[in-house]
Amino acid sequence: MTVTGADIVGLDRIAVHEALRVVGRAEKADWDRDTPCAGWNLRRLVAHMTAQHRGFAAAARGAGLEAAHWREPRDMDEPARVHRAAAATVLAAFAEPGVTEREFALPELGGSFPGRQAVRFHFIDYVVHAWDVAATLGVGLELSDDVLVTALATARRIPTDPAVRGPGSAFAPALDVPGGSNALDETLRLLGRDPSRWPVAT
């Protein structure tokens, strides 16, 4: 499947908005809930999501090597508000003309990458993190078929080498994919999530 720069920016926007929607469902008592990200409660997960938005926005504008942009915010008393502001920042950065033709410095991934590939990294992260939040809250996830098909194609291209999976890496080791799995479940399993342990509403 060929995805153009314009396509991946649009699909990323959908994933980010869905993550915003499900984060917005959280109530005060939900922020201490465990999540599919081992060792992280929902507040910490959303802090990570916020930092990634800020970091990718900075990378889109040539400042990805500045570590301050990738730090998780200290003030997380209102996680949804802080996350919403960061999402607006990255969406604005990705909407700038020529963004997919730029080089993004992504130190957490070990180097610089063409803009289209970098936006795809952000896209797959937010499909998965939107599911993480939905699974934590037990609410449904609303993503279109084109998002899910592109997410699966992306997940299939991510190396499964144990040296780049596990603690300290972006994704856990891949899990076996049962026959008949849908696109989202296969994507999650390829990236180390077990959807059978975290059922979401339909």
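The C-beta contact set for the stretch 98-116 (first residue part of a helix (DSSP H, G or I), second residue of a type in the set (Phe, Trp, Tyr) and open to solvent by less than 70 Å² (accessible area, probe 1.4 Å), distance under 6 angstrom, 6+ apart or interchain) comprises Gly115/Phe104. For the stretch 15-33, a tally of residues being in contact (Cβ under 8 Å) with a residue 24 or more places away in the chain, part of a helix (DSSP H, G or I) and either over 20 Å from Ala86 (Cα atoms) or of a type in the set (Gly, Ala, Ser) (or both) returns 3. For first residues located in the stretch 36-53 and open to solvent by 10 Å² or more (accessible area, probe 1.4 Å), partners that are hydrophobic (A, V, I, L, M, F, W, C) and lie 6+ apart or on another chain with Cβ distances below 6 Å form the pairs Pro36/Ala135; Pro36/Trp198; Cys37/Leu45; Arg43/Trp31; Arg43/Met76. Residue pairs whose Cβ atoms lie under 7 Å apart, separated by 6 or more positions or on different chains, with the first residue in the stretch 182-200 and over 23 Å from Pro159 (Cβ atoms) and open to solvent by 20 Å² or more (accessible area, probe 1.4 Å) and the second outside any helix (DSSP H, G or I) and of a type in the set (Gly, Ala, Ser), are Val200/Gly138; Val200/Gly140.
Return yes or no: is Ala80 farther than 22 Å from Thr154 by Cα, among the hydrophobic types (A, V, I, L, M, F, W, C) and open to solvent by less than 10 Å² (accessible area, probe 1.4 Å)? Against the criterion (farther than 22 Å from Thr154 by Cα, among the hydrophobic types (A, V, I, L, M, F, W, C) and open to solvent by less than 10 Å² (accessible area, probe 1.4 Å)), Ala80 does not qualify.
Quick one: in the stretch 6-32, of everything that is surrounded by fewer than 18 Cβ atoms within 10 Å (Cβ to Cβ) and more than 18 Å from the chain's Cα centre (by Cα), which residue is farthest from Ala57 (Cα to Cα)? Looking at the filtered set, the residue picked out is Ala29.
The values are calculated or read from the model by the stated rules, or taken from the named source; none is laboratory data. This structure is a prediction, so every number in the text was calculated from the model and none was measured. Heads up, the Cβs are rebuilt from the backbone with ideal geometry, glycines too, and the neighbour counts pull from every protein chain shown. Surface areas here come from the heavy atoms of the whole protein model, side chains and all, with no ligands, DNA or RNA. Shrake-Rupley method; radii C 1.70, N 1.55, O 1.52, S 1.80 Å.
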